[in-house]
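Engineer: Encoded as structure tokens, here's the structure I'll be asking about.
Taken together, the values in this text are just the output of simple stated rules run on the coordinates, not laboratory data. Just so you know, these numbers come straight off a predicted model, no measurement behind them. Neighbour counts are summed over all protein chains in view; Cβ atoms, including those assigned to glycine, are modelled from backbone coordinates with ideal geometry.
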Amino acid sequence: MRSNNLLLKVFSAFSLICLATTPCFAKEHKVLDIQHWKTHNNAQVYFVHSQGLPIVDITVAFDAGSAHDNGDFGLATLTNNMLNLGTKKLSDDAIADAFDTTGAIFDDSTNRDMATVSLRSMTDKLLLKPALNIFAQVITQPNFPKKAYTRLQKRSISAIKMQDQDPGNVASKYFYQHLYGNYPYAHPIMGNVESISRTTLSNVQQFYNRYYVGENAKVIIVGDVTKKQATEIANKVVGKLPKGKPADKLTEVPLNRSAVQNYPYPSEQTHVRMGEIGINWKSPDFFPLYVGNYTLGGGSLVSRLFKTVREQAGLTYDINSRFKPMLANGPFVINLQTINSQAPKAIKMTQQVLQNFITHGPTEQELAAAKSNLIGSFPLRLDSNAAISDYVLLIAYYDLPLDFLDTFRKNIEKVTAKQVQEAFAKHVKMNDLLIVTVGQTPPIPAATTDNANS
């Protein structure tokens with residue numbers, strides 16, 4: 001069972017988008033030549049021909065993340081995890097053996113927005129053809145065996161209990177819960193012990209039938225194959241899915257209200273999550289917030305939060321901030337951990353740094369440094385199919401322009417200090433700040449939030 005936090009790997013802190021060298025974005029240079037079409041059952045296909053290694057990476061993403069659990073928390077994850085545990089013709093062991101025999105690698109993942117299944121295979125026909133046959137069966141012909149489901153339930157409950165022993169995970173869980181309230185992003189992706197225990201195999205089958213359909217699928221193919229071969233691969237992999245209908249669109253995220261939630265936990269440090277509702281991937285303020293956040297807390301050792309709260313005051317071992325855009329508005333969050341007794345002071349200082357940045361924005365020197373680092377300091381790793389697949393998945397699933405990477409440097413360079421300040425003032429309001437603490441810490445009074453506005 002793969003980690004259920006693909007978005008952190010691919011999208012969080014805008015980290016993958018920032019990994020760009022200047023040559024990659026030179027004028028008239030196309031970073032990725034993404035070809036796009038639809039299958040007969042309306043699955044959307046995104047293909048990039050990548051020469052070099054004789055490998056092809058295939059990812060099928062469904063709009064079937066935990067936001068569609070509809071009260072059965074963890075149902076999306078259970079469904080995704082069940083796909084390779086048995087088909088109409090093969091047992092879970094037979095599936096695993098078949099992939100091993102061909103040298104193919106199967107993977108699956110679920111986050112709040114999407115559920116994915118992926119395959120990496122050699123392009124040699126003697127290996128690719130049988131690997132695709134198994135992959136297609138997993139996606140289009142799962143039979144959801146009862147014994148496998150019972151094992152998965154027990155394994156999922158054990159994983160949830162282990163997560164609840166980590167104060168950092170507990171802090172994140174409560175942060176989402178309080179930030180989103182009754183919204184579909186509020187609950188943990190894996191669900192909780194109670195919800196997993198009551199979920200039935202029938203629930204899983206119904207979820208699969210509703211969301212694993214052509215209209216709800218994006219197919220990403222990256223590798224040393226031709227467009228003709230890519231077309232055949234897409235048809236093979238998802239062609240037998242019913243056309244169905246797309247998932248219902250998420251409603252607008254309601255704004256949160258200021259709150260402080262303290263949760264006692266037997267640990268030496270207090271884990272803090274501080275933030276509010278942020279933006280989605282289509283926000284016109286994406287780039288000003290992205291560039292600005294590098295200065296505030298995304299730039300690691302050079303950020304204001306790190307310099308002030310960590311280096312100058314010595315109140316925390318690490319502190320960072322990020323916007324996490326999603327299909328609907330994702331969170332803006334500041335993460336820190338500190339010795340229990342210092343938590344109130346660390347939180348107050350963090351609020352002061354944040355308020356100052358909202359009011360004044362970055363200096364011209366900070367802005368220039370952020371742009372330079374975001375464009376040139378971290379090389380764009382497009383030398384592997386897997387890295388390219390992650391970018392194309394981002395573009396495909398969130399319906400971004402196909403030239404998103406081609407125009408990246410230009411969009412970064414256009415950002416001004418005034419735009420950063422105005423974007424932060426618009427999207428980050430101290431009166432809406434949520435603070436969640438987990439640890440043996442003195443209670444953090446709500447008045448702390450008000451003091452930051454003075």
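Engineer: Would you work out which of Asn335, Met162, Asn262 lies farthest towards the positive end of the dipole of the chain? Charges go on Cβ: Lys and Arg +1, Asp and Glu -1.
Structural biologist: The residue sitting most towards the positive pole is Met162.
Engineer: Given the peptides 123-133, 418-428, arrange them by the average over their residues of other C-beta atoms within 10 Å, most packed first.
Structural biologist: Sorting 123-133, 418-428 by mean packing, highest first, produces 418-428, 123-133.
Engineer: Under the Kirkwood approximation applied to all pairs of distinct alpha-carbon atoms, what is the hydrodynamic radius of the range 281-417 in Å?
Structural biologist: Across the range 281-417, the inverse of the average 1/r is 16.4 Å.
Engineer: Determine the relative contact order of the range 225-323: mean sequence separation of Cα pairs under 8 Å and six or more apart, normalised by residue count, in whole percent.
Structural biologist: 16 percent
Engineer: How far is helix 167-180 tilted off the main Cα axis of the chain, in degrees rounded to 10, range 0 to 90?
Structural biologist: Once rounded, one gets 90 degrees.
Engineer: Roughly how many debye, to the nearest 20, is the charge dipole of the range 199-290 about its Cα centre, given +1 on each Lys and Arg Cβ, -1 on each Asp and Glu Cβ, and no other charges?
Structural biologist: Taking the Cα centre of the range 199-290 as origin, the dipole is about 540 debye.
Engineer: Return the Rg/Rh value of the range 31-238, two decimal places, where both radii are evaluated on C-alpha atoms and Rh is the Kirkwood radius.
Structural biologist: Value, to two decimals: 1.00.
Engineer: Would you compute, from DSSP H runs of 4+ residues alone, the mean residue ellipticity of the chain at 222 nm, taking -39500 (n - 2.57) per run and dividing by the full residue count, rounded to the nearest 500?
Structural biologist: Rounded to the nearest 500, the figure is -11500 deg cm²/dmol.
Engineer: Can you tell me the orientation of helix 343-360 relative to the chain, as the angle in degrees between its alpha-carbon axis and the longest Cα principal axis, to the nearest 10?
Structural biologist: That works out to roughly 90 degrees.
Engineer: Charges at C-beta only: +1 for Lys and Arg, -1 for Asp and Glu. How large is the resulting dipole of the range 31-238 about its Cα centre, in Debye rounded to 20?
Structural biologist: 480 debye
Engineer: Which residue, Gln419, Phe135, Ile220, has the largest displacement toward the positive end of the dipole of the chain when charges sit on each Cβ (Lys, Arg +1; Asp, Glu -1)?
Structural biologist: Phe135
Engineer: Restricting things to alpha carbons, find the Rg to Rh ratio for the chain using the Kirkwood radius for Rh.
Structural biologist: Expressed as Rg/Rh, it is 0.98.
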